[in-house]
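The values are calculated or read from the model by the stated rules, or taken from the named source; none is laboratory data. Keep in mind that this is a model prediction, so the values were computed, not measured. Quick reminder, even Gly has a Cβ in these numbers, built from the backbone with ideal geometry, and neighbours come from all protein chains shown.
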């Protein structure tokens, strides 16, 4: 009997590595595709780690910044990878190009695509980067009561919200929304000028084709000349001279993505396309003073608001 027990123990010692991972507790990885050089991505990765901490899966980051994505396909196709989280549009395109039979979470992506509608139940989760109009209006009502005329600079090639949707949503929320279309950086200044004396604030939607180092400075100078305060899409935009910035809490977006990955791992139904749950606000006090504006004290309270000097 002792010899049999010893033989069985020896057999298990030799064979057990072959069974590693079959119980879901070993050999399980969640691959996160991101650019660690980007601050927002680092914040999202932190949130992913926090959300997946109770899970038995290891989180492995595949850094695709500065050409580092050349070997991403091999890393993402590893047998242990159970879910892939792509952060940002570039990472999403890379993951989609690999055509892997692995459930994916696409986080911090711009531009809703028709093929994403209805996704979720089968294991693909979309977490968009755009702030919704209702979310933005709620913050504006708290910060600037009575300012209900909103201009929106919209790229018609954007593929997200369109003019009719924005105007109808605004009306339902008690805001008069005026949309001006701008299909290129060269038309940005005329688009802003067309809103002069017609709106209280101008919302700049995230769009790398319109807003860059060459266009933001003249746009901000024009906004001060025309007395058209800008709503930017990041804290850095507010620091550069937008009156305020309203943007996602990137760590919480990471937590959303991590929670969705856990749902996939546990075989649960997952949500369809959704936006950020929490927003942050940066208020540029200097610009507000130049434009003769003040934000309501009650609206500026809370951890989600940063007051810039």
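Tabulated values for the structure
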read-out	value
Meets criteria (modelled with pLDDT of 90 or more and either in contact with a helix residue (DSSP H, G or I) (Cβ under 9 Å, 6 or more places away or on another chain) or not in a helix (DSSP H, G or I) (or both)) for residue 136	no
From the options 224, 205, residue that is farther than 28 Å from residue 48 by Cβ and either touching a strand residue (DSSP E or B) at 6+ places or on another chain (Cβ under 9 Å) or not assigned by TED's automatic domain parsing to the domain that holds residue 38 (or both)	224
Count - residues of region 179-207 that are closer than 15 Å to residue 242 by Cα, outside any helix (DSSP H, G or I) and without any contact (Cβ under 8 Å) to a residue 60 or more places away in the chain	3
Qualifying residue in region 38-56 (condition: in the same structural domain as residue 257 (by TED's automatic domain parsing), at pLDDT 90 or above and on the phi > 0 side of the Ramachandran plot)	no
Subset of region 275-292 (residues that are surrounded by fewer than 19 Cβ atoms within 10 Å (Cβ to Cβ) and part of a loop (DSSP other than H, G, I, E, B))	275, 277, 278, 291, 292
Some residue of region 82-98 being in contact with a helix residue (DSSP H, G or I) (Cβ under 8 Å, 6 or more places away or on another chain) and either modelled with pLDDT under 90 or not assigned by TED's automatic domain parsing to the domain that holds residue 38 (or both)	yes
Hits in region 140-154 (condition: surrounded by fewer than 19 Cβ atoms within 10 Å (Cβ to Cβ), in contact (Cβ under 8 Å) with a residue 12 or more places away in the chain and not in a helix (DSSP H, G or I))	145, 147, 148, 149
Test: residue in region 155-175 that is in contact with a helix residue (DSSP H, G or I) (Cβ under 6 Å, 6 or more places away or on another chain), outside any helix (DSSP H, G or I) and closer than 30 Å to residue 271 by Cα	yes
Region 241-274, residues that are under 26 Å from residue 231 (Cα atoms) and not in a helix (DSSP H, G or I)	241, 242, 243, 244, 245, 246, 247, 248, 249, 273, 274
Any chance residue 262 is more than 16 Å from the chain's Cα centre (by Cα) and surrounded by fewer than 20 Cβ atoms within 10 Å (Cβ to Cβ)	yes
Qualifying positions in region 209-225 - surrounded by fewer than 15 Cβ atoms within 10 Å (Cβ to Cβ), touching a helix residue (DSSP H, G or I) at 6+ places or on another chain (Cβ under 9 Å) and not in a helix (DSSP H, G or I)	209, 212, 214
